[in-house]
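The values are calculated or read from the model by the stated rules, or taken from the named source; none is laboratory data. Source: prediction; values computed, not measured. For neighbour counting, all protein chains shown are included, and Cβ atoms are generated from backbone atoms with ideal geometry for every residue, glycine included.
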Amino acid sequence: MVQLFVSNGAPIDIQNKGGHTPLHVAAQEGHVNVMKLFLKNGAKVDARILTLDTPLHFAAQEGRTDVAKVLLEFGALVDAVNESHNTPLHVAALQGDADMAAVLLGALADVNGGNKEQDTPLHFAAGRGNSSMVKLLMENGATVDAGNKVRRLHGSTRSCPPLA
């Protein structure tokens with residue numbers, strides 16, 4: 001049915017009141033074939049909603065690595081920032097999703113990028129006590145002495161169990 005709409009000129013990048021495009025919805029719901037159809041017909045891979053989230057942010061939020069891989073294949077910006085300046089890697093770290101983080105890091109996501117508060121993905125992982133995410137980020141070059149607006153990274157490690 002989607003093919004029928006696209007074939008008959010339905011606007012691919014139409015936005016709702018929140019700025020969501022059909023690609024955002026397909027990414028959020030994990031409809032990979034529909035996403036490919038939209039992208040092959042000119043959908044903007046980095047379309048932004050009102051909060052500046054891209055479909056790749058949605059994929060990271062929902063833990064949809066298959067969606068992320070397709071978006072990256074079609075040229076999605078791996079380090080796109082939303083209104084909080086969180087990248088998809090920040091979102092993956094917040095979600096504790098090491099598989100998503102690995103996909104994003106494999107696409108050369110900036111492991112040390114800071115958001116508006118200068119929080120890095122490592123701050124988020126350590127602050128949530130996610131030692132496997134901390135380890136993954138550190139293995140990919142995360143700076144362990146990064147500070148943010150509130151504290152140095154070591155303040156985030158109170159919740160984090162030992163890595164050894």
* Which condition number in (1) under 18 Å from the mean Cα position of the chain (by Cα); (2) farther than 20 Å from Phe58 by Cβ; (3) modelled with pLDDT of 95 or more is the one that Met138 fails? -> (1)
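Examine the range 87-105 for a residue that is of a type in the set (Asp, Glu) and farther than 21 Å from His123 by Cα, and state whether such a residue exists. Even if it seems obvious, please write down each step before you answer.
Taking the range 87-105 and keeping what is of a type in the set (Asp, Glu), we get 97, 99.
Remaining after also requiring farther than 21 Å from His123 by Cα: none.
For the range 87-105, residues of a type in the set (Asp, Glu) and farther than 21 Å from His123 by Cα: absent.
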* Which residues, taken from the range 111-131, are touching a Leu at 6+ places or on another chain (Cβ under 9 Å) and not in a loop (DSSP other than H, G, I, E, B)? -> Pro121, Leu122, His123, Phe124, Ala125, Ala126, Ser131
* Determine which single condition Val150 fails, assuming it passes every other condition in (1) among the hydrophobic types (A, V, I, L, M, F, W, C); (2) at pLDDT 95 or above; (3) assigned to a loop (DSSP other than H, G, I, E, B). => (2)
* Asked: What do you reckon, is Leu56 modelled with pLDDT of 95 or more, under 21 Å from Gly30 (Cβ atoms) and assigned by TED's automatic domain parsing to the domain that holds Leu37?
  -> yes
* Does any residue of the range 83-100 turn out to be surrounded by 18 or more Cβ atoms within 10 Å (Cβ to Cβ), modelled with pLDDT of 95 or more and over 26 Å from Ser131 (Cα atoms)? -> no
